[in-house]
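Working notes, structure below.
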Amino acid sequence: MSKTHLAVGIAAALAVSPIRTAGGAFAAVIGGALGGVLCDVECKTPPDARDIFAGQMGAGCLTVALLCADAIMHAGLWMSIRSQNLYTLMLGALTVILLTSLGHLTAHRTFTHSLLYVGLLAFGLSRISPMLLVPALAGGVSHLALDTLNKKSVPWLYPIDRNGFCLKLCHADRTANAAFFWLGLGAGVALLAVKANAFI
Ligand SMILES: [Zn+2]
């Protein structure tokens with residue numbers, strides 16, 4: 001479910017991102033959150049669509065709040081966005097908008113649940129700020145890994161392999177979902193506390 005993808009995406013991004021400033025921590029949280037929830041843009045049927053929309057709104061609000069905090073604190077992320085060339089910024093924004101719009105039109109767990117989509121999404125976000133590249137990749141890969149645990153196939157290598165695979169270990173909305181949410185939240189808070197030592 002989307003809150004689990006949000007929590008695990010952020011934790012994965014915090015785990016693999018080299019964080020030396022508060023701006024780096026903000027970038028990890030934003031990139032992990034967006035990478036974690038934007039794989040599900042193709043889901044259009046309720047009640048899943050409502051849950052996914054709530055997760056995407058959560059990631060969007062988190063992004064706006066942290067960008068505002070970064071700009072006020074001069075922590076580095078907002079500065080890295082402002083230092084990007086205008087055409088590079090437009091390329092990044094257009095890539096993200098086109099990818100998510102195209103992804104919305106595709107069938108469930110096809111293009112948007114592939115390394116190709118995750119890589120292109122991370123590329124688009126990295127054109128907005130290079131600090132978002134690694135976190136977005138981590139968030140996206142964490143989404144594919146979590147979905148692989150349940151009972152519908154994930155086509156990691158789409159379009160080379162359109163069938164993909166799944167491990168059939170759990171349902172998407174039951175005990176394992178709650179367990180991974182709390183695991184992601186706990187790991188995220190612990191990683192943030194440990195890595196914040198580097199810049200506080
Ligand atoms: Zn998914």
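The values are calculated or read from the model by the stated rules, or taken from the named source; none is laboratory data. These numbers come from a predicted model, not from an experiment. Note that we place each Cβ from the backbone using ideal geometry, even for glycine, and neighbour counts take in every protein chain shown. Side chains are part of the model used for accessible areas, which takes the heavy atoms of the whole protein and leaves out ligands, DNA and RNA. Shrake-Rupley method; radii C 1.70, N 1.55, O 1.52, S 1.80 Å.
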Exercise. Can we say Arg127 is in contact with a strand residue (DSSP E or B) (Cβ under 8 Å, 6 or more places away or on another chain), among the basic types (Lys, Arg) and open to solvent by 10 Å² or more (accessible area, probe 1.4 Å)?
Worked result: no
Exercise. Conditions: (1) away from the ligand (no atom under 16 Å from the Cβ); (2) over 14 Å from the mean Cα position of the chain (by Cα). Met131 meets all but one. Number of the miss?
Worked result: (2)
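Based on what the data block shows, is His104 more than 13 Å from the chain's Cα centre (by Cα) and within 18 Å of Gly35 (Cα to Cα)? Before the answer, list the steps.
Working: more than 13 Å from the chain's Cα centre (by Cα): yes; within 18 Å of Gly35 (Cα to Cα): yes.
It is true that His104 is more than 13 Å from the chain's Cα centre (by Cα) and within 18 Å of Gly35 (Cα to Cα).
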Seminar exercise, completed: Filtering the range 137-176 down to residues that are within 11 Å of the ligand (Cβ to nearest atom) and charged (D, E, K, R) yields Asp147, Lys152
For this session: Scan Asn163, Asn177 and give me the residue that is of a type in the set (S, T, N, Q) and surrounded by 12 or more Cβ atoms within 10 Å (Cβ to Cβ).
Result: Asn177
Exercise. List, please: which pairs have Cβ atoms under 9 Å, are six or more places apart or on different chains, and start with a residue in the range 172-200 that is within 28 Å of Ala75 (Cα to Cα) and end with one that is assigned to a loop (DSSP other than H, G, I, E, B) and basic (Lys, Arg)?
Worked result: Lys195/Arg20; Ala198/Arg20; Phe199/Arg20
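Search the range 98-124 for residues being open to solvent by less than 10 Å² (accessible area, probe 1.4 Å), out of contact with any Ser or Thr (no Cβ under 7 Å at 6 or more places or on another chain) and not in a loop (DSSP other than H, G, I, E, B), and hand back the single one that is farthest from Ser17 (Cα to Cα). Walk me through it before giving the result.
Residues of the range 98-124 that are open to solvent by less than 10 Å² (accessible area, probe 1.4 Å), as a first pass: 103, 112-114, 117-118, 121-122, 124.
If we keep only those that are out of contact with any Ser or Thr (no Cβ under 7 Å at 6 or more places or on another chain) as well, we get 113-114, 117-118, 121-122.
Remaining after also requiring not in a loop (DSSP other than H, G, I, E, B): 113, 117-118, 121-122.
Details: His113: 22, Tyr117: 20, Val118: 16, Leu121: 17, Ala122: 14 Å.
Within the range 98-124, the match that is farthest from Ser17 (Cα to Cα) is His113.
Taking the range 100-119, which residues are without any contact (Cβ under 8 Å) to a residue 40 or more places away in the chain and under 13 Å from Val41 (Cβ atoms)? Break it down stepwise before answering.
In the first step, residues of the range 100-119 are kept if they are without any contact (Cβ under 8 Å) to a residue 40 or more places away in the chain; the result is 101-102, 119.
Ser101, Leu102, listed by residue number.
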Seminar exercise, completed: Across the range 72-83, the tally of residues that are modelled with pLDDT of 95 or more and open to solvent by less than 40 Å² (accessible area, probe 1.4 Å) stands at 3
For this session: Would you mind finding the one in Met57, Met79, Met90 that is in a helix (DSSP H, G or I), closer than 20 Å to Asn177 by Cβ and more than 16 Å from the ligand (Cβ to nearest atom)?
Result: Met57
